[in-house]
Amino acid sequence: MKRVLALLLSALMLAGCFACTSGSNEAVAQTEAESTEDATVTAEAQTTSAGEKRIVNVFTKKREWDWKTIEARYEAYNPEVDLVVDATDSTTYYDLLKGYLASGDLPDVIQITSGSTMDVWKEYLVPLDGLEALNTMPADSTAEFMADGKYYGVPLFAELHGVIYNMDYLNKVGWTTTPTTLDEFIQLNEDLIAAGLPTGICPWSSAGSILGHMTASVFSSHDDPYAYMNEIIEGNVDLTTDEQWNALYDYLDATLKYGNADALVTDSTTERNALYTEEYAWYAHDGSWLTPQIKANNPELEDHIALGVYPFFNDASKNKIGNSLQGMSVMNTAHTEDAKNFVNWLLGTDDGCDVLANVCNVVLLKDGFELTVENVGALGVQGMNYVANGQAYNNFRGFPTEIQSALMAAIQKYLAGTSTRVESLAEIQALFESCK
Amino acid sequence: MPQSRTAQRKRKMLAFIGNEALFLGVILLCFIVIKIIPFLSSLIYSFTDWNGVSGEVTFTGLENFKSMFKDKQFWYSMWFTAKYSLATLILTNLLGFFAGYFLTKPLRARNLIRAGFYLPNVLGGLVLGFIWRFIFLKIIPALGKVTGFPLFNLVWLGTPETAFWALVIVHVWSSMGFYMLLYVAGFMSIPGDCLESARIDGASAWKSLIKVTIPLMMPTFTRCLFLSITTSFRIYNLNLALTEGGPFLSSEAVTMNIYRTAFTENRMGYGSAKSLVLTLIVIVITLIQVWATSRKEVEF
């Protein structure tokens with residue numbers, strides 16, 4: 001009896017273990033089923049379908065895109081391929097990618113940023129030289145995804161960022177254009193206060209946006225941003241007297257003076273919610289990636305929203321917006337050719353670009369593709385105008401990863417008032433120099 | 001005959017091993033795969049410069065451990081976690097003990113109150129963190145505007161001091177009920193005749209608590225303190241959801257620092273070395289605590 005009981009219990013435990021395993025397999029199968037056009041197909045049909053079609057796995061952090069439409073359009077274009085999309089949140093994206101790497105289950109197509117991130121993943125990426133899509137984009141954009149003389153990514157879209165203004169408020173105090181200099185920005189705030197209108201909101205809880213986006217001008221204004229960073233690392237630049245860094249801090253000072261009192265605990269979500277509900281006249285940092293949410297939450301806002309330059313300087317010609325490129329790469333898997341074909345279709349053909357622009361509302365880089373307020377939104381169109389006029393800096397992506405958090409903390413200490421400007425900049429300099 | 005006795009012994013031994021394997025095998029396998037192998041891998045990685053992605057791994061000897069001694073943020077996070085652990089250990093156990101003490105008395109709706117105290121423990125750290133983030137950022141300032149009460153007018157997540165106490169408050173609120181249940185179980189395990197004889201001898205309720213109940217509760221204290229220390233040193237979810245380590249990394253607990261090093265900064269080798277040091281520190285602290293409290297346990 002004891003033996004029977006022992007056997008029974010052990011069998012139950014083993015069954016439990018196997019149930020867990022098959023459960024996760026079912027979950028994967030379910031995900032795959034959900035990503036096919038007809039989610040009601042039977043299990044047998046899925047197996048047959050998977051057997052006949054070649055699968056291309058896409059891993060993306062653009063959860064808000066309409067991937068169902070992209071899948072449907074691509075599968076109509078290439079019926080031999082079953083596009084399986086796994087979309088996740090941007091905060092966990094690279095951690096999950098590492099999980100896929102550890103489990104030996106790398107996706108075929110990934111979204112990537114250039115610079116240090118691409119360098120880390122480069123050994124798992126396939127060079128994309130010769131891909132037609134690369135020839136349809138501006139050379140300075142594609143060059144960002146070049147390493148060791150090869151292209152490891154294709155620009156997927158541009159994220160154009162700066163100060164966002166609600167022109168309804170500006171019009172009320174007689175402003176018909178956005179401020180182009182720091183003095184103008186300050187004057188606008190004085191005018192708003194005098195009229196009893198709300199000023200602005202700063203999402204400085206995430207200093208990542210300051211470091212990742214707003215230092216674009218600090219680095220990209222130099223002919224060779226990497227050389228400039230190396231100069232800082234070597235101790236040849238004194239950041240406390242550096243004109244660019246001080247200009248960035250001047251703008252931060254103005255946002256703190258005129259913006260919300262709880263800027264240090266205000267995150268981007270709070271700032272965006274305020275933007276959709278039109279609570280403030282200006283939003284210290286945001287960009288064209290908001291278009292799908294604006295269209296969904298408050299489409300009327302498109303008529304009176306404006307993207308302005310970061311007003312760091314009093315010389316208007318020095319003030320620009322930021323241009324952050326997101327790319328797409330192909331990983332070294334068994335489906336490399338199919339993956340390349342998908343990337344080429346999405347970024348190099350009118351059909352693919354039509355979906356990206358008209359369905360996902362993203363700012364494309366394909367030469368000659370018409371971007372309108374209807375597809376990429378007001379922020380996208382205004383941003384591209386800045387780019388066309390040479391008023392945009394490409395984001396610098398070369399920060400050493402090991403000091404990024406500490407750099408953000410150094411900026412936040414200044415925003416919190418626990419360190420002076422000189423102390424904050426000296427700390428930033430010391431962090432760079434620690435990478436020597 | 002002796003041969004058959006040997007054969008019998010062998011059979012018994014085999015049956016014993018078979019039973020052990022049947023009962024323990026699966027669990028042991030899970031334990032090895034989920035706990036032991038990752039721990040050993042981490043131990044190996046701590047002597048390398050692996051970035052967590054690359055196929056290239058270089059042995060760097062004690063380099064990671066040397067760097068760690070110069071890493072101010074790591075030791076700041078360690079000190080922060082130690083302070084946090086001490087604060088939560090004292091508050092959760094004190095409140096849990098007294099809640100448990102009063103909730104073993106014959107009160108009306110006793111079980112309902114116990115369930116009420118335990119309920120926050122059911123919520124996960126992430127959910128709790130987001131709920132309390134909203135409370136600290138929206139509800140409390142709104143109350144401050146209405147009442148003018150100074151505590152409500154603090155920017156709770158905006159300064160290092162208040163962010164620390166915000167974490168402690170949420171941790172204590174959520175886990176006090178769990179410790180209360182352990183203490184309730186401890187109180188209920190005390191033989192009634194011990195307390196009765198103390199009462200007959202003229203001991204007051206307070207004296208009875210100090211001289212009889214607490215000494216007899218020492219095994220429960222050992223368990224509760226052990227659990228408090230290990231859980232508070234491993235705080236991550238709540239830290240992530242409530243403060244994200246901010247402002248300016250001032251509320252970054254050591255596990256978050258390790259995670260950031262290993263995954264965000266792509267320094268898996270260095271992160272592994274840090275986690276190894278944390279493990280050793282927690283082992284030493286808990287060993288001292290178990291040794292200290294076990295000595296005071298009394299038998300009845």
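None of the figures in this text is laboratory data; all of them are computed from the coordinates on show. Quick caveat, the model's predicted, so the values are computed rather than measured. For neighbour counting, all protein chains shown are included, and Cβ atoms are generated from backbone atoms with ideal geometry for every residue, glycine included.
Run down the lysines and flag those whose C-alpha is under 29 Å from the C-alpha of A:Lys320, throwing out any fewer than 8 positions away in its chain.
Straight-distance partners of A:Lys320: A:Lys61, A:Lys62, A:Lys172, A:Lys257, A:Lys295, A:Lys366, A:Lys413.
Grab the alpha carbons of the range A:51-146, take their convex hull, and tell me the volume per residue in Å³. It would help to have the intermediate numbers written out before the result.
Details: hull volume 12.8 nm³, N = 96.
Given the Cα convex hull of the range A:51-146, per-residue volume reads 133 Å³.
With only alpha-carbon pairs counted, each pair once and no self-pairs, how large is the Kirkwood hydrodynamic radius of chain A in angstroms? Walk me through the intermediate numbers first.
Details: mean 1/r = 0.0420 Å⁻¹.
Hydrodynamic radius (Kirkwood, Cα pairs) of chain A is 23.8 Å.
State the extension gain, in nm to one decimal, for the chain segment bounded by A:Asp148 and A:Thr92, taking 0.36 nm per residue of separation less the distance between their alpha-carbons.
Details: separation 56, 0.36 × 56 = 20.16 nm, distance 2.83 nm.
Taking A:Asp148 through A:Thr92 to full extension adds about 17.3 nm, to one decimal.
Can you name the helices of chain A, as whole DSSP H runs, whose Cα span along the helix axis is 20 Å or more and whose Kyte-Doolittle mean is not below 0.5?
Values: long enough: A:2-35 (49 Å, 0.65); A:243-258 (23 Å, -0.74).
The qualifying helices are A:2-35.
At q = 0.09, 0.14 Å⁻¹, what log₁₀ I(q)/I(0) does the range B:172-300 have when each alpha carbon counts as one equal point scatterer in the Debye sum?
Those come out to -0.42, -0.77, one per q.
Among the complete DSSP H segments of chain B, which ones combine at least 18 Å of alpha-carbon extent along their axis with a mean Kyte-Doolittle hydropathy of 0.5 or more? Write out the running numbers ahead of the final one.
Working: long enough: B:2-31 (41 Å, 0.37); B:72-102 (45 Å, 0.64); B:110-122 (19 Å, 0.12); B:160-188 (41 Å, 1.26); B:218-233 (22 Å, 0.90); B:268-295 (40 Å, 1.29).
Qualifying helices, which must be both long enough and hydrophobic enough, are B:72-102, B:160-188, B:218-233, B:268-295.
Specify, per residue and in Å³, the volume enclosed by the convex hull of the alpha carbon atoms belonging to the range A:108-251. Could you put the intermediate results ahead of the total?
On the way: hull volume 25.3 nm³, N = 144.
Output value, Cα hull per residue: 176 Å³.
Positive end of the dipole of the protein assembly as shown, charges at C-beta (+1 Lys, Arg; -1 Asp, Glu), about the Cα centre: which of A:Ala388, A:Cys353, B:Pro38 has its Cα farthest in that direction?
Most positive-ward Cα: B:Pro38.
Taking the Cα centre of chain B as the origin and placing charges on Cβ (Lys, Arg +1; Asp, Glu -1), which of B:Met176, B:Gly246, B:Phe187 is farthest toward the positive end of the dipole?
Positive-most Cα among the choices belongs to B:Phe187.
Can you give me the Cα centroid spacing of the range B:226-285 and the range A:226-261 in angstrom?
A separation of 31 Å, based on Cα centres.
Where does chain B land on Rg(C-alpha)/(2.2 N^0.38 Å)? Write out the running numbers ahead of the final one.
Working: Rg = 24.8 Å, N = 300, 2.2 N^0.38 = 19.2 Å.
In units of the globular-protein estimate, chain B measures up at 1.29.
Antiparallel versus total DSSP beta bridges in the protein assembly as shown: what percent is that, nearest 5?
Working: 24 of 38 bridges.
So the antiparallel bridges amount to about 65 percent of the total.
Output the peptides A:92-104, A:245-257 sorted from most to least packed, where packing is the average of other Cβ atoms within 10 Å over each peptide's residues. If you can, show how the numbers build up before the last one.
On the way: A:92-104: 14.8, A:245-257: 18.9.
Result, highest mean first: A:245-257, A:92-104.
In nm, give the distance between the simple-model label positions of B:Lys35 and A:Ala388, each being 7 Å from the Cα along the Cα-to-Cβ direction.
Distance between the two pseudo-spin positions: 6.5 nm.
Report the Stokes-Einstein translational diffusion coefficient (µm² s⁻¹, integer) for the protein assembly as shown, Rh taken as the Kirkwood radius over Cα pairs, at 20 °C with viscosity 1.002 mPa s.
Working: Rh = 29.8 Å.
Translational D for this selection: 72 µm²/s.
At a Förster distance of 45 Å, what's the computed FRET efficiency of B:Ile283 paired with A:Asn171, Cβ-Cβ distance as r, to 0.05? Walk me through the numbers on the way to the answer.
On the way: r = 66 Å, r/R0 = 1.46.
With R0 = 45 Å, the Cβ-Cβ based efficiency is 0.10.
Can you classify the range B:221-260 as rounded, prolate or oblate using the Cα gyration tensor, where a ≥ b ≥ c are the square roots of its eigenvalues, rounded means a/c under 1.5, and otherwise it's prolate if a/b beats b/c and oblate if not?
The shape class here is prolate.
Ordered by packing density, taken as the mean number of other Cβ atoms within 10 Å over each peptide's residues, highest first, how do A:232-242, A:374-384, A:340-350 rank?
Values: A:232-242: 14.7, A:374-384: 23.3, A:340-350: 20.1.
Ranking the peptides A:232-242, A:374-384, A:340-350 by packing returns A:374-384, A:340-350, A:232-242.
So what's the convex hull volume per residue for the Cα atoms of the range B:60-190, in Å³?
168 Å³
Mind giving me the FRET efficiency for B:Phe149 and A:Ala261? R0 is 22 Å, r the Cβ-Cβ distance, nearest 0.05 is fine.
Working: r = 18 Å, r/R0 = 0.81.
Calculated value: 0.80.
B:Glu56 to B:Leu24: FRET efficiency via 1/(1 + (r/R0)^6), r the Cβ-Cβ distance, R0 35 Å, to the nearest 0.05? List each step's numbers first, then the result.
Numbers: r = 39 Å, r/R0 = 1.12.
The computed FRET efficiency comes out at 0.35.
Please identify, among B:Glu196, B:Glu265, B:Glu20, the residue showing maximal mean-square fluctuation in a Gaussian network model of chain B using a 10 angstrom Cα cutoff.
Comparing B:Glu196, B:Glu265, B:Glu20 in the GNM, the peak value goes to B:Glu20.
How far apart, in nanometres, would the label points at A:Glu80 and B:Met188 be if each is projected 7 angstrom from Cα along the Cα-to-Cβ direction?
6.9 nm
Less than 12 Å apart at the alpha-carbon level, and either on another chain or at least 8 residues along: which aspartates and glutamates does that give for A:Lys122?
Reachable aspartates and glutamates: A:Asp148.
Classify the range A:307-425: rounded, prolate or oblate, from the alpha-carbon gyration tensor (a ≥ b ≥ c, eigenvalue square roots; a/c under 1.5 rounded; otherwise prolate if a/b is larger than b/c)?
In terms of gyration-tensor shape, oblate.
Eigenvalues of the Cα gyration tensor times 5, then square-rooted: what semi-axes does that give for the range B:1-145, in whole angstrom, largest first?
Three semi-axes, in Å: 46, 36, 16.
I need the shape label for the range B:1-60. Rule: rounded when a/c is under 1.5, else prolate if a/b > b/c, else oblate, with a, b, c from the alpha carbon gyration tensor.
Details: a/c = 6.53, a/b = 3.42, b/c = 1.91.
Prolate, since a/c reaches 1.5 and a/b exceeds b/c.
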